[in-house]
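*Asks:* Dumping the structure here so I can ask a few things about it.
The values are calculated or read from the model by the stated rules, or taken from the named source; none is laboratory data. The shown structure was predicted, so the numbers you read here are calculated from the model rather than taken from an experiment. Glycine also receives a Cβ, built like all others from the backbone with ideal geometry; neighbour counts cover every protein chain displayed. Surface accessibility is based on the protein's heavy atoms, side chains included, excluding ligands, DNA and RNA. Shrake-Rupley method; radii C 1.70, N 1.55, O 1.52, S 1.80 Å.
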Amino acid sequence: MTHAVRHIPYGRQSLNSADIEAVAAVLRSDFLTQGPAVPAFESAVTGYCGAPYGVAVNSATSALHLACRALDVGPGDLVWTTPNTFVASANCARYCGADVDFVDIDARTYNMSAAALASRLEAADRAGRLPKVVIPVDFAGQPCDLDEIAALAGHYGFRIIEDASHAIGARYRDSPIGGTGHADAVVFSFHPVKIITTAEGGLVTTADGRIGERLALLRSHGITREASLMENESEGGWYYEQLDLGYNYRMTDVQAALGTSQMQRLEEFVARRAALAHRYDALLADLPLVLPYQAPNRASAWHLYVIRLQLDQMRKSRRQVFEALRADGIGVNVHYIPVHTQPYYTALGFGWGQFPQAEQYYREAISLPLFPDLSDEDQDRVVAALKEAIA
Ligand SMILES: *Cc1c(COP(=O)(O)O)cnc(C)c1O
(Lines give C-alpha, C1' and ligand atoms only; values in the text may rest on other atoms or scores of the structure.)
Protein backbone atom coordinates (compact mmCIF):
# COMPACT_ATOMS: atom_id res chain seq x y z
CA MET A 1 0.00 0.00 0.00
CA THR A 2 1.42 3.38 -0.97
CA HIS A 3 -0.74 5.55 1.27
CA ALA A 4 -2.80 4.91 4.37
CA VAL A 5 -6.54 4.52 3.79
CA ARG A 6 -8.50 7.10 5.72
CA HIS A 7 -10.85 5.53 8.24
CA ILE A 8 -14.56 6.36 7.88
CA PRO A 9 -16.35 5.83 11.23
CA TYR A 10 -19.93 4.52 11.44
CA GLY A 11 -21.00 7.61 13.33
CA ARG A 12 -19.51 10.78 14.71
CA GLN A 13 -20.44 14.20 16.06
CA SER A 14 -20.63 17.35 13.97
CA LEU A 15 -19.29 20.36 15.87
CA ASN A 16 -18.93 23.91 14.57
CA SER A 17 -17.37 27.08 15.96
CA ALA A 18 -20.69 28.13 17.55
CA ASP A 19 -20.69 24.89 19.58
CA ILE A 20 -17.11 25.50 20.70
CA GLU A 21 -17.89 29.13 21.60
CA ALA A 22 -20.97 28.05 23.60
CA VAL A 23 -18.83 25.67 25.67
CA ALA A 24 -16.06 28.25 26.10
CA ALA A 25 -18.61 30.80 27.34
CA VAL A 26 -19.64 28.45 30.16
CA LEU A 27 -15.98 27.86 31.07
CA ARG A 28 -15.59 31.65 31.46
CA SER A 29 -18.82 31.98 33.51
CA ASP A 30 -19.59 31.53 37.20
CA PHE A 31 -21.23 28.11 36.95
CA LEU A 32 -19.77 24.91 35.53
CA THR A 33 -22.69 22.96 36.95
CA GLN A 34 -26.08 23.78 38.53
CA GLY A 35 -26.16 27.13 36.71
CA PRO A 36 -28.56 28.43 34.05
CA ALA A 37 -27.39 26.28 31.10
CA VAL A 38 -29.20 23.07 32.10
CA PRO A 39 -32.69 24.63 32.37
CA ALA A 40 -32.00 26.46 29.09
CA PHE A 41 -31.17 23.16 27.38
CA GLU A 42 -34.24 21.50 28.88
CA SER A 43 -36.38 24.34 27.47
CA ALA A 44 -34.74 24.02 24.05
CA VAL A 45 -35.61 20.30 23.91
CA THR A 46 -39.12 20.53 25.39
CA GLY A 47 -39.87 23.53 23.18
CA TYR A 48 -38.81 21.61 20.10
CA CYS A 49 -40.70 18.43 21.05
CA GLY A 50 -43.77 20.14 22.45
CA ALA A 51 -43.34 18.29 25.76
CA PRO A 52 -44.53 19.92 29.01
CA TYR A 53 -41.57 18.75 31.12
CA GLY A 54 -37.95 17.78 30.46
CA VAL A 55 -35.22 16.68 32.87
CA ALA A 56 -31.62 16.57 31.62
CA VAL A 57 -29.22 14.03 33.12
CA ASN A 58 -25.70 12.73 32.59
CA SER A 59 -26.61 9.88 30.19
CA ALA A 60 -29.57 8.11 28.63
CA THR A 61 -28.72 5.14 30.84
CA SER A 62 -29.32 7.35 33.89
CA ALA A 63 -32.45 8.73 32.22
CA LEU A 64 -33.84 5.21 31.77
CA HIS A 65 -33.03 4.36 35.38
CA LEU A 66 -34.74 7.52 36.67
CA ALA A 67 -37.77 6.92 34.45
CA CYS A 68 -38.13 3.43 35.94
CA ARG A 69 -37.77 4.84 39.46
CA ALA A 70 -40.29 7.62 38.73
CA LEU A 71 -42.80 4.95 37.62
CA ASP A 72 -42.16 3.03 40.86
CA VAL A 73 -40.51 0.02 39.24
CA GLY A 74 -39.17 -2.19 42.02
CA PRO A 75 -38.55 -5.76 43.14
CA GLY A 76 -41.30 -8.13 42.03
CA ASP A 77 -42.28 -5.92 39.07
CA LEU A 78 -41.93 -6.99 35.47
CA VAL A 79 -40.53 -4.78 32.68
CA TRP A 80 -40.57 -5.75 29.01
CA THR A 81 -38.33 -4.38 26.27
CA THR A 82 -37.04 -5.41 22.85
CA PRO A 83 -34.04 -7.71 22.38
CA ASN A 84 -32.83 -5.49 19.50
CA THR A 85 -31.43 -2.66 21.59
CA PHE A 86 -28.47 -1.52 23.60
CA VAL A 87 -28.27 -3.33 26.95
CA ALA A 88 -29.20 -0.16 28.87
CA SER A 89 -32.87 -0.49 27.80
CA ALA A 90 -33.09 -3.69 29.87
CA ASN A 91 -30.51 -2.94 32.58
CA CYS A 92 -32.51 0.05 33.87
CA ALA A 93 -35.19 -2.32 35.18
CA ARG A 94 -32.57 -4.58 36.76
CA TYR A 95 -31.11 -1.56 38.62
CA CYS A 96 -34.52 -1.30 40.32
CA GLY A 97 -34.57 -4.99 41.21
CA ALA A 98 -37.33 -5.76 38.70
CA ASP A 99 -37.53 -8.78 36.39
CA VAL A 100 -36.99 -8.25 32.67
CA ASP A 101 -38.51 -10.00 29.69
CA PHE A 102 -38.36 -9.32 25.96
CA VAL A 103 -40.81 -9.07 23.07
CA ASP A 104 -39.61 -10.12 19.62
CA ILE A 105 -39.16 -7.62 16.79
CA ASP A 106 -41.08 -6.90 13.62
CA ALA A 107 -39.31 -8.49 10.64
CA ARG A 108 -39.45 -5.28 8.61
CA THR A 109 -38.95 -2.35 11.00
CA TYR A 110 -36.74 -4.19 13.55
CA ASN A 111 -38.74 -2.40 16.26
CA MET A 112 -40.72 -4.26 18.93
CA SER A 113 -43.55 -6.07 17.14
CA ALA A 114 -46.93 -4.71 18.26
CA ALA A 115 -48.52 -8.02 17.20
CA ALA A 116 -46.05 -10.03 19.28
CA LEU A 117 -46.63 -7.65 22.18
CA ALA A 118 -50.41 -8.14 21.91
CA SER A 119 -50.19 -11.92 22.00
CA ARG A 120 -47.62 -11.93 24.82
CA LEU A 121 -49.91 -9.64 26.85
CA GLU A 122 -52.88 -11.90 26.29
CA ALA A 123 -50.90 -14.86 27.65
CA ALA A 124 -49.44 -12.81 30.51
CA ASP A 125 -52.91 -11.63 31.48
CA ARG A 126 -54.14 -15.23 31.66
CA ALA A 127 -51.09 -16.14 33.75
CA GLY A 128 -51.64 -13.14 36.04
CA ARG A 129 -48.18 -11.70 35.40
CA LEU A 130 -48.54 -8.52 33.36
CA PRO A 131 -45.63 -6.08 32.93
CA LYS A 132 -45.72 -2.85 34.93
CA VAL A 133 -43.70 -1.02 32.26
CA VAL A 134 -42.94 -1.67 28.59
CA ILE A 135 -39.86 -0.01 27.07
CA PRO A 136 -40.11 0.07 23.27
CA VAL A 137 -37.14 1.51 21.36
CA ASP A 138 -37.28 3.76 18.30
CA PHE A 139 -34.67 1.62 16.59
CA ALA A 140 -32.32 3.36 14.13
CA GLY A 141 -34.38 6.53 14.67
CA GLN A 142 -37.64 5.12 13.29
CA PRO A 143 -40.53 5.61 15.73
CA CYS A 144 -42.02 2.36 17.03
CA ASP A 145 -45.75 1.50 16.71
CA LEU A 146 -46.83 4.11 19.24
CA ASP A 147 -50.59 4.03 18.55
CA GLU A 148 -50.78 0.25 18.89
CA ILE A 149 -48.54 0.10 21.97
CA ALA A 150 -50.42 2.95 23.69
CA ALA A 151 -53.75 1.22 22.97
CA LEU A 152 -52.42 -1.97 24.58
CA ALA A 153 -51.19 0.07 27.56
CA GLY A 154 -54.71 1.45 27.98
CA HIS A 155 -56.20 -2.04 27.84
CA TYR A 156 -53.73 -3.86 30.10
CA GLY A 157 -52.74 -0.98 32.38
CA PHE A 158 -48.96 -0.87 31.89
CA ARG A 159 -46.85 2.30 31.57
CA ILE A 160 -44.61 3.17 28.62
CA ILE A 161 -41.03 4.41 28.70
CA GLU A 162 -40.10 5.12 25.08
CA ASP A 163 -36.35 4.69 24.57
CA ALA A 164 -35.86 7.35 21.90
CA SER A 165 -32.07 7.38 22.27
CA HIS A 166 -31.86 7.18 18.45
CA ALA A 167 -34.77 9.40 17.65
CA ILE A 168 -34.60 13.06 18.63
CA GLY A 169 -35.79 14.88 15.49
CA ALA A 170 -37.97 11.95 14.34
CA ARG A 171 -41.72 12.37 13.83
CA TYR A 172 -44.77 10.21 14.37
CA ARG A 173 -47.90 11.40 12.53
CA ASP A 174 -46.29 14.86 12.31
CA SER A 175 -45.63 15.11 16.06
CA PRO A 176 -42.00 15.30 17.16
CA ILE A 177 -40.83 12.29 19.16
CA GLY A 178 -40.73 13.33 22.81
CA GLY A 179 -44.04 15.15 22.54
CA THR A 180 -46.44 12.72 20.84
CA GLY A 181 -48.31 12.02 24.08
CA HIS A 182 -48.13 8.21 23.70
CA ALA A 183 -45.55 7.43 26.40
CA ASP A 184 -45.36 8.24 30.11
CA ALA A 185 -41.69 9.13 29.64
CA VAL A 186 -39.44 9.50 26.59
CA VAL A 187 -35.67 9.14 26.86
CA PHE A 188 -33.05 10.74 24.58
CA SER A 189 -29.29 10.09 24.41
CA PHE A 190 -26.71 12.70 23.48
CA HIS A 191 -23.69 10.41 23.13
CA PRO A 192 -21.51 11.65 20.23
CA VAL A 193 -22.72 8.99 17.77
CA LYS A 194 -26.37 9.94 18.37
CA ILE A 195 -28.30 12.71 16.58
CA ILE A 196 -27.10 15.68 18.68
CA THR A 197 -24.43 15.52 21.37
CA THR A 198 -23.54 16.82 24.82
CA ALA A 199 -20.50 14.43 24.91
CA GLU A 200 -22.30 12.32 27.53
CA GLY A 201 -25.89 13.17 28.34
CA GLY A 202 -29.53 12.22 28.31
CA LEU A 203 -32.95 13.74 28.87
CA VAL A 204 -36.42 12.55 29.82
CA THR A 205 -39.56 14.27 28.56
CA THR A 206 -42.96 13.70 30.13
CA ALA A 207 -46.41 15.25 30.08
CA ASP A 208 -47.00 14.26 33.73
CA GLY A 209 -45.96 16.90 36.25
CA ARG A 210 -45.61 14.39 39.07
CA ILE A 211 -43.25 12.25 37.00
CA GLY A 212 -41.28 15.38 36.07
CA GLU A 213 -41.00 16.34 39.74
CA ARG A 214 -39.78 12.87 40.76
CA LEU A 215 -37.23 12.80 37.94
CA ALA A 216 -35.82 16.15 39.06
CA LEU A 217 -35.70 15.01 42.69
CA LEU A 218 -34.03 11.65 41.97
CA ARG A 219 -31.47 13.28 39.61
CA SER A 220 -29.95 15.04 42.62
CA HIS A 221 -29.89 12.68 45.63
CA GLY A 222 -33.63 12.89 46.30
CA ILE A 223 -32.96 16.28 47.87
CA THR A 224 -35.30 19.27 47.65
CA ARG A 225 -34.87 22.89 48.66
CA GLU A 226 -38.48 23.69 47.85
CA ALA A 227 -40.53 24.43 50.98
CA SER A 228 -43.77 23.18 49.38
CA LEU A 229 -42.28 19.68 48.98
CA MET A 230 -40.78 19.41 52.48
CA GLU A 231 -42.14 17.28 55.28
CA ASN A 232 -41.01 19.65 58.02
CA GLU A 233 -40.81 23.38 58.49
CA SER A 234 -37.63 24.94 57.09
CA GLU A 235 -35.03 25.62 59.78
CA GLY A 236 -33.37 28.40 57.79
CA GLY A 237 -31.67 29.33 54.53
CA TRP A 238 -29.34 26.32 54.62
CA TYR A 239 -32.14 23.83 55.01
CA TYR A 240 -32.90 21.02 52.58
CA GLU A 241 -34.61 17.68 52.89
CA GLN A 242 -33.82 14.30 51.39
CA LEU A 243 -37.20 12.81 50.53
CA ASP A 244 -36.16 9.73 48.56
CA LEU A 245 -33.02 7.74 47.69
CA GLY A 246 -31.66 9.56 44.63
CA TYR A 247 -28.39 9.84 42.75
CA ASN A 248 -25.98 12.35 41.32
CA TYR A 249 -27.11 12.06 37.70
CA ARG A 250 -26.79 15.78 36.96
CA MET A 251 -25.77 17.13 33.57
CA THR A 252 -23.12 19.87 33.74
CA ASP A 253 -23.58 23.37 32.36
CA VAL A 254 -20.70 22.70 29.96
CA GLN A 255 -22.59 19.77 28.45
CA ALA A 256 -25.93 21.58 28.42
CA ALA A 257 -24.49 24.60 26.59
CA LEU A 258 -23.16 22.28 23.90
CA GLY A 259 -26.58 20.65 23.70
CA THR A 260 -28.44 23.96 23.30
CA SER A 261 -26.08 24.96 20.52
CA GLN A 262 -26.49 21.55 18.83
CA MET A 263 -30.31 21.85 19.00
CA GLN A 264 -30.07 24.74 16.53
CA ARG A 265 -28.83 22.29 13.89
CA LEU A 266 -31.05 19.32 14.79
CA GLU A 267 -33.25 19.62 11.70
CA GLU A 268 -30.24 20.18 9.46
CA PHE A 269 -28.59 17.04 10.92
CA VAL A 270 -31.70 14.91 10.39
CA ALA A 271 -32.20 16.23 6.85
CA ARG A 272 -28.60 15.39 5.90
CA ARG A 273 -28.92 11.93 7.46
CA ALA A 274 -32.14 11.33 5.51
CA ALA A 275 -30.51 12.50 2.26
CA LEU A 276 -27.59 10.12 2.81
CA ALA A 277 -30.01 7.28 3.62
CA HIS A 278 -31.93 7.88 0.41
CA ARG A 279 -28.66 8.00 -1.48
CA TYR A 280 -27.70 4.60 0.01
CA ASP A 281 -31.15 3.30 -1.01
CA ALA A 282 -30.47 4.25 -4.64
CA LEU A 283 -26.83 3.14 -4.75
CA LEU A 284 -27.49 -0.26 -3.12
CA ALA A 285 -30.78 -1.11 -4.84
CA ASP A 286 -29.43 -3.87 -7.09
CA LEU A 287 -27.38 -5.76 -4.50
CA PRO A 288 -28.45 -8.89 -2.56
CA LEU A 289 -29.38 -6.81 0.48
CA VAL A 290 -32.50 -5.95 2.45
CA LEU A 291 -32.53 -2.16 2.77
CA PRO A 292 -34.22 -0.26 5.61
CA TYR A 293 -38.03 -0.32 5.45
CA GLN A 294 -39.88 2.82 6.50
CA ALA A 295 -43.33 2.34 8.00
CA PRO A 296 -46.05 4.84 6.99
CA ASN A 297 -46.94 7.92 9.06
CA ARG A 298 -43.52 8.43 10.55
CA ALA A 299 -40.21 10.08 9.71
CA SER A 300 -37.00 8.54 11.01
CA ALA A 301 -34.17 10.56 12.55
CA TRP A 302 -31.85 8.13 10.71
CA HIS A 303 -29.45 7.35 13.54
CA LEU A 304 -28.48 4.13 11.74
CA TYR A 305 -28.56 2.78 8.22
CA VAL A 306 -28.75 -1.01 8.63
CA ILE A 307 -28.47 -3.42 5.71
CA ARG A 308 -29.29 -7.12 5.93
CA LEU A 309 -27.17 -9.45 3.83
CA GLN A 310 -29.15 -11.98 1.80
CA LEU A 311 -26.68 -14.68 2.70
CA ASP A 312 -28.33 -17.36 0.54
CA GLN A 313 -27.50 -15.22 -2.50
CA MET A 314 -23.79 -14.74 -1.76
CA ARG A 315 -20.73 -16.83 -1.08
CA LYS A 316 -19.53 -14.71 1.84
CA SER A 317 -20.49 -14.84 5.50
CA ARG A 318 -21.57 -11.75 7.43
CA ARG A 319 -18.29 -11.91 9.30
CA GLN A 320 -16.26 -11.97 6.06
CA VAL A 321 -18.14 -8.99 4.66
CA PHE A 322 -17.78 -7.09 7.93
CA GLU A 323 -14.05 -7.80 8.20
CA ALA A 324 -13.39 -6.93 4.54
CA LEU A 325 -15.06 -3.56 5.08
CA ARG A 326 -13.13 -2.89 8.29
CA ALA A 327 -9.89 -3.80 6.48
CA ASP A 328 -10.84 -1.21 3.84
CA GLY A 329 -11.12 1.49 6.50
CA ILE A 330 -14.93 1.43 6.57
CA GLY A 331 -16.13 1.67 10.18
CA VAL A 332 -19.09 -0.68 9.95
CA ASN A 333 -20.77 -1.93 13.10
CA VAL A 334 -23.55 -4.29 14.19
CA HIS A 335 -26.66 -3.11 16.05
CA TYR A 336 -27.51 -5.13 18.06
CA ILE A 337 -26.38 -8.42 19.55
CA PRO A 338 -29.74 -9.56 20.98
CA VAL A 339 -29.72 -8.49 24.63
CA HIS A 340 -31.20 -11.79 25.86
CA THR A 341 -28.10 -13.64 24.57
CA GLN A 342 -25.66 -11.61 26.67
CA PRO A 343 -24.02 -13.71 29.42
CA TYR A 344 -25.58 -11.54 32.13
CA TYR A 345 -29.04 -12.37 30.75
CA THR A 346 -28.37 -16.03 29.91
CA ALA A 347 -27.37 -16.41 33.59
CA LEU A 348 -30.93 -15.26 34.36
CA GLY A 349 -32.33 -18.04 32.16
CA PHE A 350 -32.60 -16.41 28.73
CA GLY A 351 -31.00 -17.95 25.64
CA TRP A 352 -30.75 -18.30 21.88
CA GLY A 353 -33.94 -19.49 20.21
CA GLN A 354 -36.32 -17.40 22.33
CA PHE A 355 -36.74 -14.42 20.00
CA PRO A 356 -36.20 -15.78 16.48
CA GLN A 357 -36.87 -12.58 14.51
CA ALA A 358 -34.30 -10.60 16.52
CA GLU A 359 -31.80 -13.45 16.21
CA GLN A 360 -32.28 -13.88 12.46
CA TYR A 361 -31.99 -10.12 11.96
CA TYR A 362 -28.78 -10.04 14.04
CA ARG A 363 -27.08 -12.72 11.93
CA GLU A 364 -27.54 -10.65 8.75
CA ALA A 365 -27.23 -7.03 9.92
CA ILE A 366 -24.47 -4.52 9.25
CA SER A 367 -24.68 -0.79 10.06
CA LEU A 368 -23.06 1.37 7.39
CA PRO A 369 -21.44 4.75 8.14
CA LEU A 370 -24.06 7.48 8.56
CA PHE A 371 -23.46 10.92 10.08
CA PRO A 372 -24.10 14.50 8.93
CA ASP A 373 -20.51 15.25 7.88
CA LEU A 374 -20.19 12.08 5.75
CA SER A 375 -19.46 13.41 2.25
CA ASP A 376 -21.01 12.00 -0.91
CA GLU A 377 -17.47 10.98 -1.97
CA ASP A 378 -16.88 9.03 1.23
CA GLN A 379 -20.31 7.44 0.90
CA ASP A 380 -19.35 6.35 -2.63
CA ARG A 381 -16.22 4.78 -1.13
CA VAL A 382 -18.39 2.84 1.35
CA VAL A 383 -20.62 1.60 -1.47
CA ALA A 384 -17.65 0.56 -3.65
CA ALA A 385 -16.05 -1.29 -0.73
CA LEU A 386 -19.34 -3.03 0.06
CA LYS A 387 -19.79 -4.16 -3.57
CA GLU A 388 -16.30 -5.61 -3.53
CA ALA A 389 -16.82 -7.24 -0.13
CA ILE A 390 -19.98 -9.12 -1.13
CA ALA A 391 -18.82 -10.05 -4.66
C1 LIG B 1 -27.06 4.87 23.27
C2 LIG B 1 -28.24 4.16 23.81
C3 LIG B 1 -28.54 4.12 25.17
C4 LIG B 1 -27.62 4.64 26.22
O5 LIG B 1 -27.25 5.94 26.00
P6 LIG B 1 -26.12 6.61 26.89
O7 LIG B 1 -26.41 8.09 26.74
O8 LIG B 1 -24.81 6.22 26.27
O9 LIG B 1 -26.24 6.16 28.29
C10 LIG B 1 -29.73 3.53 25.56
N11 LIG B 1 -30.56 2.97 24.68
C12 LIG B 1 -30.29 2.96 23.36
C13 LIG B 1 -31.26 2.33 22.41
C14 LIG B 1 -29.11 3.54 22.89
O15 LIG B 1 -28.82 3.48 21.59
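*Asks:* Measure nothing fancy, just the Cα-based angle from helix 37-49's long axis to the longest principal axis of the chain, in degrees from 0 to 90, nearest 10.
*Replies:* 60
*Asks:* Follow-up. Taking Cα pairs under 8 Å and at least six residues apart, what relative contact order does region 53-120 come out at, in percent?
*Replies:* 28
*Asks:* Same structure, new question: Taking the Cα centre of region 64-215 as origin, sum charge times position over the Cβ atoms of Lys and Arg (+1) and Asp and Glu (-1), and report the length of that vector in debye to the nearest 20.
*Replies:* Roughly 180 debye, rounded to the nearest 20.
*Asks:* To continue, here is another question. Work out the charge dipole of region 107-199 with +1 on the Cβ of Lys and Arg and -1 on the Cβ of Asp and Glu about the Cα centre, then indicate which of Tyr172, Gly154, His191 is farthest towards its positive end.
*Replies:* With unit charges placed on the Cβ atoms, the residue in question is His191.
*Asks:* Of Ser300, Ser228, Ser189, which is the most mobile in a GNM of the chain whose springs link Cα atoms less than 10 angstrom apart?
*Replies:* It is Ser228.
*Asks:* About its Cα centre, how strong a charge dipole does region 226-343 have in debye, to the nearest 20, once Lys and Arg get +1 and Asp and Glu get -1 at the Cβ? Please report the intermediate quantities before stating the final value.
*Replies:* Values: 12 positive and 14 negative charges, 272 e Å.
Once rounded to the nearest 20, the dipole reads 1300 debye.
*Asks:* Hey, another quick one. How large is the accessible surface per residue of the chain, computed with a 1.4 Å probe and reported in Å² as a whole number?
*Replies:* Ligands and nucleic acids excluded, the figure is 43 Å² per residue.
*Asks:* Here is a further query. Please report the carbon-and-sulfur percent of the accessible area for region 222-361; probe 1.4 Å, protein heavy atoms only, DNA, RNA and ligands left out.
*Replies:* Details: 3550 of 7180 Å².
Taking all protein chains in place, region 222-361 shows 49 percent carbon and sulfur surface.
*Asks:* Mind jotting down the three principal axis lengths of region 240-333 based on Cα atoms? Whole angstrom, largest first.
*Replies:* Computed over the Cα atoms, the extents are 67, 29, 28 Å.
*Asks:* Also, I was wondering about something else. Quick one: compute the contact order of region 158-256, relative version, from alpha carbon pairs under 8 angstrom and 6+ residues apart, as a percent.
*Replies:* Worked out over region 158-256, it gives 20 percent.
*Asks:* So what is the 222 nm mean residue ellipticity for the chain from helices alone, if each DSSP H run of at least 4 adds -39500 (n - 2.57) and you divide by all residues, rounding to the nearest 500 deg cm²/dmol? Could the numbers behind the result be given before it?
*Replies:* Working: 13 runs with 146 residues, N = 391.
The helix contribution divided over the chain gives -11500 deg cm²/dmol.
*Asks:* Same structure, new question: For region 123-227, what percent of Cα pairs sit more than 23 Å apart?
*Replies:* Working: 1924 of 5460 pairs.
Cα-Cα pairs of region 123-227 separated by over 23 Å account for 35 percent.
*Asks:* Right, here's the next one. State the volume of the convex hull built on the alpha-carbon positions of the chain, expressed per residue in Å³ and rounded to an integer.
*Replies:* Given the Cα convex hull of the chain, per-residue volume reads 153 Å³.
*Asks:* Once you keep just the Cα pairs under 8 angstrom separated by 6 or more residues, what percentage relative contact order results for the chain?
*Replies:* 22
*Asks:* Taking the DSSP beta bridges in the chain as the whole, what percent of them are antiparallel, to the nearest 5?
*Replies:* Bridges in the chain are about 65 percent antiparallel.
*Asks:* Right, something else. Place +1 on the Cβ of every Lys and Arg and -1 on the Cβ of every Asp and Glu in the chain, take the dipole about the Cα centre, and give the residue among Ala37, Gln310, Ala67 whose Cα lies farthest towards its positive end.
*Replies:* With unit charges placed on the Cβ atoms, the residue in question is Gln310.
*Asks:* With charges set only on the Cβ (+1 for Lys and Arg, -1 for Asp and Glu), what does the dipole of region 274-337 come to about its Cα centre, in debye to the nearest 20?
*Replies:* Approximately 140 debye in magnitude.
*Asks:* Using only Cα positions of region 15-56, each an equal point scatterer, no hydration layer, compute I(q)/I(0) via Debye at q = 0.25 Å⁻¹ and quote the log10 values to two decimals.
*Replies:* Log10 I(q)/I(0), no solvent term: -0.89.
*Asks:* Let me ask something else. Picking from Ala274, Gln320, Leu243, whose Cα lies most toward the positive end of the charge dipole for region 243-322 (charges on Cβ: Lys, Arg +1; Asp, Glu -1)?
*Replies:* Gln320
*Asks:* Just to confirm the number: angle between the C-alpha axis of helix 376-390 and the first principal axis of the chain, 0 to 90 degrees, nearest 10?
*Replies:* 60
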